[in-house]
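Engineer: Below is the structure I would like to discuss, written out as C-alpha cells.
The values are calculated or read from the model by the stated rules, or taken from the named source; none is laboratory data. Being a predicted model, the structure only gives us computed values, none of them experimental. A quick note on method: Cβ atoms are made from the backbone with ideal geometry, for glycine too, and the neighbour counts reach across all protein chains shown. Side chains included, ligands, DNA and RNA excluded: accessible areas come from the protein's heavy atoms. Shrake-Rupley method; radii C 1.70, N 1.55, O 1.52, S 1.80 Å.
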Amino acid sequence: MKWNQQKIKIKNKQKILHTVINQAPISRADLATQLGLTKGTVSTLVGELIEEKICLESGPGESSGGRRPVILLFNEKAGYSVGIDLGVNYILGILTDLKGQIIQEQKEEMDTRNEDECVEAIINMIHSLISSAPQSPYGIVGIGIGIPGILNKEETIILAPNLGWENSNIKDRIQEAFQVPVLLENEANAGAYGEKKYGAGKNYTNVVYVSAGVGIGGGIIFDNELYRGSRGFSGEIGHMTIELNGKPCRCGNNGCWELYASEKALLNQAQAILGANEKVNLDYLVKIAEENEQIKHVFTTLGKYLGIGILNIINTFNPEEVIIGNQLASAKKWLIGPINDYIETHNIKFDEGHIKITFAELGFHSAARGVSAQTIDHFLKSREQIALV
C-alpha cells in the first residue's frame, strides 16, 4: 500500500512539474483545478519542488476576488545540460538551461575519423562548454551525445559506417571524465526528439524525422514516443535499397538511399561538374545554383531521390508529418519543389494532401538540442523519484 501511495505521489508530482514547465506563470489554485487534485496535495508537492529549487515563487498574480494568488515559475536556471552532435566532419556542442534554451555554442570542423582523436575533441569541447556555465543548484545535470550510427540499448556503437567505427563504447570514457550522467543517442533519433519537443513536430503525434547529412538516418516518433525497435536501432532508412544494382555502400549493401540523396551525393556530383580545383561545400552550391543551371539540376535530381525515399516512408509508416533536417535543410529552397513534385505524382491517390512535409525549425541544432532535452528529462524524472523514495 505504501509503495502504491509513493507511485501516485510521483505521478502527481510529475504532472504538476510538467504543467508548471509548459504553462507558467501559474498559481497553485489553477494547478489544482486543471489536474483535478486537492489544494492540499498541490501545496505539499509544490512545496517540495520549491525546496528542491526546481520551481520558484514569483509575485502575486491577478485576483478574481479575495487574496491575490502567489504565482509559480519553473526554475530553468537550476541546472544546465550539454548537447553534442557528432557529425562525420564536424562537432557541434551546446550548453542549455533546463528549458532547452541555448546559453553557449561551439562548432569545430573535423578532418579526422580516428576514434581516440574524436573522443578527445568531444571531451575538450565539453570542458569548454561547462566552464561557461553559470553557477546553479545542480550544475551540469547531464551530457547527451548524438552519434551518426547504430547503437544498441546499452548505448554501445555497433556500427558507424561513415565514421568507420565498430563495436565502440565511448560512453564510459566520457562519463569517467566528467562524473555526470552521459547519454548516447543515434543522431537522427536525437533530431526527431529535438524537433518534437521544440520545433516543427511539437503539434504532431506521429512524426518521421529524416536526417540528411553526409549520410541519411531516420528518427521515428509514434504516439509522442521515440520508436527504437526490438534491439534499439530502428530508423536506418538511409540504407533502404532504392537501386537494385546500385553503387556499393560502406554498410555492405548496394544501392542505398543515402548514396543518391545525401549531402555527400550532392557534393560528389557538383565536384564532377565544377572540377577538382573548385572548393565545393553546401553553402556555396546553394548560392551558385541561382545562376548555374547544372548545379540547379543536381539539386533537382537530389530532391527527386529524396522524394523516392520519403514516399517509401509515407507508405510504410503513414505519419502525420515528415521533417527533413541536418545539413540539407539549408537547401530547402532548391529541394522542396522536386520533393513535393515527386510525391504528388507518385503518392497513393486516396492519401493525397494528408501528409505534411517540412524542414527542421531548429535547423542545424535539432540533434544537439534533442540530446540535451533527453538528459534534462531524465534529470527531472530522477529528481522526483529520488526525493520520494
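Engineer: Inspect segment 77-99 for any residue being farther than 26 Å from Asn326 by Cα and among the hydroxyl-bearing types (Ser, Thr, Tyr) and give the result as yes or no.
Structural biologist: no
Engineer: Name every residue in segment 113-135 that is in a loop (DSSP other than H, G, I, E, B), under 23 Å from Ile102 (Cα atoms) and open to solvent by 30 Å² or more (accessible area, probe 1.4 Å), in order of residue number. So that I can check it myself, show each step before the final result.
Structural biologist: First, pick out the residues of segment 113-135 that are in a loop (DSSP other than H, G, I, E, B): 113-114, 132-135.
When the remaining residues are screened for being under 23 Å from Ile102 (Cα atoms), the result is 132-135.
Ser132, Pro134, Gln135, listed by residue number.
Engineer: With the requirement that a residue be over 25 Å from Leu311 (Cβ atoms), open to solvent by less than 70 Å² (accessible area, probe 1.4 Å) and part of a loop (DSSP other than H, G, I, E, B), what does segment 253-276 give you?
Structural biologist: Answer for segment 253-276, where residues must be over 25 Å from Leu311 (Cβ atoms), open to solvent by less than 70 Å² (accessible area, probe 1.4 Å) and part of a loop (DSSP other than H, G, I, E, B): just Gly275.
Engineer: Can you tell me how many residues in segment 238-248 are in contact with an Asp or Glu (Cβ under 9 Å, 6 or more places away or on another chain), over 21 Å from Tyr90 (Cα atoms) and open to solvent by less than 20 Å² (accessible area, probe 1.4 Å)?
Structural biologist: Residues flagged as in contact with an Asp or Glu (Cβ under 9 Å, 6 or more places away or on another chain), over 21 Å from Tyr90 (Cα atoms) and open to solvent by less than 20 Å² (accessible area, probe 1.4 Å) within segment 238-248 amount to 0.
Engineer: Please tell me if Leu17 is more than 30 Å from Phe364 (Cα to Cα), open to solvent by less than 20 Å² (accessible area, probe 1.4 Å) and either without any contact (Cβ under 8 Å) to a residue 60 or more places away in the chain or not in a strand (DSSP E or B) (or both). I'd like the intermediate steps shown before the answer.
Structural biologist: Values: more than 30 Å from Phe364 (Cα to Cα): no; open to solvent by less than 20 Å² (accessible area, probe 1.4 Å): yes; either without any contact (Cβ under 8 Å) to a residue 60 or more places away in the chain or not in a strand (DSSP E or B) (or both): yes.
So Leu17 fails the test.
Let's see how each residue does on (1) more than 14 Å from Lys356 (Cα to Cα); (2) open to solvent by 10 Å² or more (accessible area, probe 1.4 Å); (3) in a helix (DSSP H, G or I); (4) among the acidic types (Asp, Glu):
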| position | (1), (2), (3), (4) |
| --- | --- |
| Glu278 | yes, yes, no, yes |
| Val286 | yes, yes, yes, no |
| Glu290 | yes, yes, no, yes |
| His297 | yes, yes, yes, no |
| Thr301 | yes, yes, yes, no |
| Lys304 | yes, yes, yes, no |
| Asn315 | no, yes, yes, no |
| Pro319 | no, no, no, no |
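Okay, residues lined up against (1) under 18 Å from Val208 (Cβ atoms); (2) within 26 Å of the chain's Cα centre (by Cα); (3) modelled with pLDDT under 95:
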residue: Ile220; (1), (2), (3): yes, yes, no
residue: Tyr227; (1), (2), (3): yes, yes, yes
residue: Ser230; (1), (2), (3): no, yes, yes
residue: Ser234; (1), (2), (3): yes, yes, yes
residue: His239; (1), (2), (3): yes, yes, yes
residue: Glu243; (1), (2), (3): no, no, yes
residue: Cys251; (1), (2), (3): no, yes, yes
residue: Gly255; (1), (2), (3): no, no, no
residue: Leu259; (1), (2), (3): no, yes, no
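Engineer: Pairs, please: C-beta under 8 Å, at least 6 apart or cross-chain, first residue under 13 Å from Gly337 (Cα atoms) and hydrophobic (A, V, I, L, M, F, W, C) and in segment 283-311, second open to solvent by 10 Å² or more (accessible area, probe 1.4 Å) and not in a helix (DSSP H, G or I)?
Structural biologist: none
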